[in-house]
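The values are calculated or read from the model by the stated rules, or taken from the named source; none is laboratory data. From a predicted model like this one, the values you see are computed outputs, not experimental measurements. Cβ sites come from the backbone with ideal geometry, for glycine too, and all protein chains shown count toward neighbours.
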Amino acid sequence: MKLNTRRTLLIGLAFFSICAFWQMYDHIIPLILKNTFGVGDSLSGWIMAADNILALFLLPLFGRLSDRTNTRLGRRMPYIAGGTACAVALILVLSRADAPGRFPLFITALGLLLVAMGTYRSPAVALMPDVTPKPLRSKANAVINLMGALGGVYALAAISLLVRQGADGRNSYTGVFLAVAALMAVSVAALLLVVRENKLRIDDDEPEEAAGKGEKLPPEKLRSLIFILCSVALWFMGYNAVTTAYSRYYTIVWDNSVSGAANCMMVAMVGAVVSYIPVGVISSKIGRKKMILIGVAVLAVCFALATLVRSFNLAVYALFVIIGFAWAAINVNSYPMVVEISRSGDVGKYTGYYYTFSMAAQILTPILSGWLLEHVGYHTLFPYAAVMVALSFVTMLFVKHGDSRPGASKDLIEHFDVED
């Protein structure tokens, strides 16, 4: 059985466009809130957390709705097409609303845009397993994640190249909005034209095994589960604080351009992508827990070192490459450890635990770190991140389960099989 790589790449176009949008959102929206509308960092943190709050409700809701949908286009495609069309239109409204005096229009368009994005993320992710045989889903997921990374790089490149200074001295992000909107429209149009969901859908579900399903975990495994989920929350709190506030930190503390901030984040992303294969190989040798501890230690040290940087220099790029490696070391291994603890038939439930803790962290940290930025100072960003990540090192030490050493992959692409 062989993976249809071309078809998987086409299916990945939806995730490609989604990741491009979220990279743009995290990078540009905080700058618009601050520089165009004068929104304080605490309120900005609440606004930036809104997407994760909505996701807690919208992702499972529309995932279930798409399961029960049956149309000529398929189960998932109506949500992907409709959600993307609404999102593209609202992005164009958002670009026009980026002007003093238009805050009500901006915040209304932003809220509707977040809802539109939430309606089709779960259906877009579910499309791949719908049309891919179970033995090939690992390879297919690797392709999907690589497409997502490329979408993020696209958005960062657009920010680097297309931000312009307007006549009033403010940065204009119209070119970036248009570039991402065009990518989303073209990607999903290509998906709709080429992929016939109903013809490709595979019904290979196996009956759930009764053994173990729904039973309580033994106390020692439950403790490991609690500690690893706490670790997940802590390192997401540290890492997401930086990604959410970094464009503001870069322009205010290091007094540099928005395009330069995008270049730094792009370097970190590329560092993560090229690290997936070596991280996968090393993990198969030393185990997941040790690899995570290495990644957490390196990430905490990098954030601590960033506090010492008083003005931007080329060494920052090297630092962000290492940050990318550290995040890959954590991300490749954390979700498999959570699932490893689960019993037969409970994998979906434990996946839900993982995303509940990661999303909850990404809701809390922009608010908490935003308060510190506004009321204490921007110098708190990297120390805050370093402390949170360092605390996750401590909680990981108490994890005693989920550390089976995965065998070396027969196909190198399987080492890219990670969860975002």
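Per-structure values
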quantity	calculated
Test set (1) over 15 Å from Met184 (Cβ atoms); (2) part of a helix (DSSP H, G or I) - Ala99 fails condition number	(2)
Filter pass, Arg64 being surrounded by fewer than 17 Cβ atoms within 10 Å (Cβ to Cβ) and closer than 27 Å to Ala233 by Cβ	yes
Meets criteria (touching a Lys or Arg at 6+ places or on another chain (Cβ under 9 Å), of a type outside the set (Ser, Thr, Tyr), assigned by TED's automatic domain parsing to the domain that holds Cys19 and closer than 27 Å to Ser247 by Cβ) for Leu43	no
Positions within segment 287-309 being touching a residue at least 12 places away in the same chain (Cβ under 8 Å) and part of a loop (DSSP other than H, G, I, E, B), in sequence order	Gly287, Thr307, Val309
Extreme residue, farthest from Arg121 (Cα to Cα), among residues of segment 1-16 that are assigned to a helix (DSSP H, G or I) and among the basic types (Lys, Arg)	Arg6
Residue match in segment 398-414 (condition: at pLDDT below 90, within 22 Å of the chain's Cα centre (by Cα), surrounded by fewer than 22 Cβ atoms within 10 Å (Cβ to Cβ) and within 20 Å of Ile286 (Cβ to Cβ))	yes
Single unsatisfied condition, Thr84 versus (1) closer than 19 Å to Arg196 by Cβ; (2) touching a residue at least 24 places away in the same chain (Cβ under 8 Å); (3) part of a loop (DSSP other than H, G, I, E, B)	(3)
Test for Phe382: is it surrounded by fewer than 19 Cβ atoms within 10 Å (Cβ to Cβ), over 18 Å from Ser284 (Cα atoms) and either at pLDDT below 80 or in the same structural domain as Ala297 (by TED's automatic domain parsing) (or both)	no
